Amino acid sequence: MPRLALLRHGHTPWNREGRIQGRTDVPLDDAARAQLQGFCLPAPWDSAKVWSSPLARAFETAQIVSDQHPVTDPALIEMDFGDWEGRKSHDLFADTTSGFRHIEDWGWQFSPPGGERLTDVKNRLNRWAEALTEDALAVCHIGVMRVLIAQATGWDFDGPAPFQIKRNRLYTIHIAKGSWQLEDGFTRLVERGL
């Protein structure tokens, strides 16, 4: 049963402004690059195959922390947030026509206006993950990570998530067709030179 370690990309200007990025290809900011330069992957993940979303923020994060050229796959691209991309959540809440609601109220059938349905994200990710034959590390996006971890924890996007996703941490899932399991806790990236 292969293991899949997930790592969220570093900060971008839009992250810091609270904007929804989705598939908009916003690069890392200089502060994120500087911070990431101080980290590398812990063993055994430092010798695993490294995958990345094709978006620059994930690809560059993967390159920096792994010292490898990651393999990109479109399955790992962030969810398409449609009309919400580039907007701030508090502005969307204030706009009663936006359809915006908290992720805890989505359910698997939800899709942002003009965006991608969660079940479609799930299906493309499952095809990719269940084709893995060896341990792998994927640098991707919080939306992708939520969908993958939701399946490993039984969360259905209805009510509070039973997990938190933070940067510079690896979250590991044991992948088996029809039966996924999230390892307890997380593994921190290692400071270079230690």
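The values are calculated or read from the model by the stated rules, or taken from the named source; none is laboratory data. Since the model is a prediction, treat every value here as computed from it, not as a measurement. Every residue, glycine as well, gets a Cβ built from its backbone with ideal geometry; the counts of neighbours run over all protein chains shown. Accessible surface is based on the protein model in full, side chains and every heavy atom, while ligands, DNA and RNA are left aside. Shrake-Rupley method; radii C 1.70, N 1.55, O 1.52, S 1.80 Å.
Take the Cα of LYS88, go 7 Å toward its beta carbon, and the backbone nitrogen atoms of the range 12-40 under 15 Å from that spot belong to 13-21.
Sequence-ordered 3J(HN,Hα) estimates for the range 179-184 from the Karplus curve with 6.51, -1.76 and 1.60 and θ = phi - 60° stand at 8, 10, 9, 8, 5, 5 Hz, glycine and proline given as x. Of the listed residues CYS40, CYS140, the order by accessible area with a 1.4 Å probe, largest first, is CYS40, CYS140. For ARG8, the accessible area of its heavy atoms, probed at 1.4 Å with every protein chain present, is near 40 square angstrom.
Around the amide H of VAL71, modelled in the peptide plane, lie the amide H atoms of VAL50, TRP51, SER52, all under 5 Å away and 5 or more residues distant in sequence or on another chain.
Computed with every protein chain present, the accessible area of LYS166 is close to 100 Å² [probe 1.4 Å].
With the whole protein complex present, ASP46 retains an accessible surface near 80 Å², based on a 1.4 Å probe.
Taking only protein heavy atoms and a 1.4 Å probe, what accessible area per residue, in Å², does the range 44-194 have with all protein chains in place?
Accessible area per residue: 47 Å².
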